[in-house]
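Below you'll find the structure, written out as structure tokens, and then a few comments.
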């Protein structure tokens, strides 16, 4: 990966911005554009580590930022240090992380290693494409099995997410604040991990585009199932 500096843009810049955030340095917007605020955050980080504060993110900076600078791997075999690796439905989605925020009960956010890592990877890609945060709801209870409010979500391979809207809160695809273009990017990010079995969501436009399929009671959220 080439060195990143003022004027650069793209997903690698977004990863740098998110990594700086996690390290406690504010890069401003995590929009994939290396501007003055990102440069200042990087210089502050470099100074805190005893490096020349030249505002260039090369190999030394990436090594010091460490795992925060890398996308989670989706196979559970290698990747960031806090990746999901436990067997079965024993891996919990954190309250928040790069590009995502969880809502509802933490007791219902357990999944397989592959599911959790796929969601984390999709969140980073979604955020890089839109600047928005992926909102993650119920996945499964620890160990799998019946879960209140759902007929599925028993194997750690299903996850509910909010579609994109202006409030970042509850709504439906028919709501005034619904953001179809960002939701399209969300579904594309989910599918980009390569191991999605199906996606339920009732927006007829996105259904016609082949990104999801209709299912009862899925006007107000996206349901992704992994293979």
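The values are calculated or read from the model by the stated rules, or taken from the named source; none is laboratory data. Every value quoted in this text rests on a predicted model; they were computed, and no experiment measured them. Please note: Cβ atoms are built from the backbone with ideal geometry, for glycine as well, and neighbour counts cover all protein chains shown.
Numbers for the structure displayed
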| item | result |
| --- | --- |
| Positions within the range 1-30 being in a loop (DSSP other than H, G, I, E, B) and in contact with a helix residue (DSSP H, G or I) (Cβ under 7 Å, 6 or more places away or on another chain), in sequence order | 1, 6, 23, 25, 26, 27, 28, 30 |
| Condition met for residue 216 (assigned to a loop (DSSP other than H, G, I, E, B), out of contact with any strand residue (DSSP E or B) (no Cβ under 7 Å at 6 or more places or on another chain), surrounded by fewer than 21 Cβ atoms within 10 Å (Cβ to Cβ) and in contact (Cβ under 8 Å) with a residue 24 or more places away in the chain) | no |
| Filtered residues of the range 178-194 (kept if outside any helix (DSSP H, G or I), touching a residue at least 60 places away in the same chain (Cβ under 8 Å) and surrounded by 15 or more Cβ atoms within 10 Å (Cβ to Cβ)) | 192, 193 |
| Matching residues, the range 128-177, being outside any loop (DSSP other than H, G, I, E, B) and closer than 18 Å to residue 93 by Cα | 134, 135, 136, 158, 159, 160, 161 |
| Only one of 84, 122 that is closer than 25 Å to residue 171 by Cα and either part of a loop (DSSP other than H, G, I, E, B) or at pLDDT 90 or above (or both) | 122 |
| Residue among 176, 189 that alone is closer than 26 Å to residue 97 by Cβ and assigned by TED's automatic domain parsing to the domain that holds residue 102 | 189 |
